[in-house]
C-alpha cells in the first residue's frame, strides 16, 4: 500500500487499513531497560520470581506504556507515510485503552487503520490512526490507541 500513499490520496483513505507489522518479542531485557529509563521498577514487571509466585498473570508483564511506545517503530515498518513527507511529529493521543497484559516472552504486532487525514494549511497535515497491538495467540489485544501525527509536506 505504501506505494499508493500521497498527500493527495490520503484524505480519501479514511477507514482503510494501513498495514500490519511483523512480530516483536517483548522479552525481560526489554522490560528491564524500560523500567530503568522510566524509573518504573514495580515488581510485577521486573521481579521474575515474585511475579511467578504472586502475580495473577504468573509471569512478569510489560509496562502498558512500553507496549504503547512500540507503536512508533512498528508504524515505520508499515511505511504508512505519504510520499514526499519531509517530517512527521508525534502530535498526541486521542484515546488509549489497555485491554490485556503482555506477558514476558509474548510476541506483539501492530494493525493500523487510517481514521482521518486533514490539511491544516501551510503544508501541514494531521493524520489520525487507530492502532491495535495484537498479542500472538491471544483473543484480546494488548491495547487500542488513536494516535495523531503532524506531517509536513516536502517542497
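The numbers here are math on the coordinates, done by the rules we state, and not lab data. Predicted, not measured: the structure shown is a model, and the values here were computed from it.
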Q) Mind listing the Cα extents of the stretch 1-42 along all three principal axes, in Å, largest one first? A) 45, 20, 16
Q) Once you have the alpha carbon radius of gyration of the chain, what is it after dividing by 2.2 N^0.38 Å, with N set to its residue count? A) 1.16
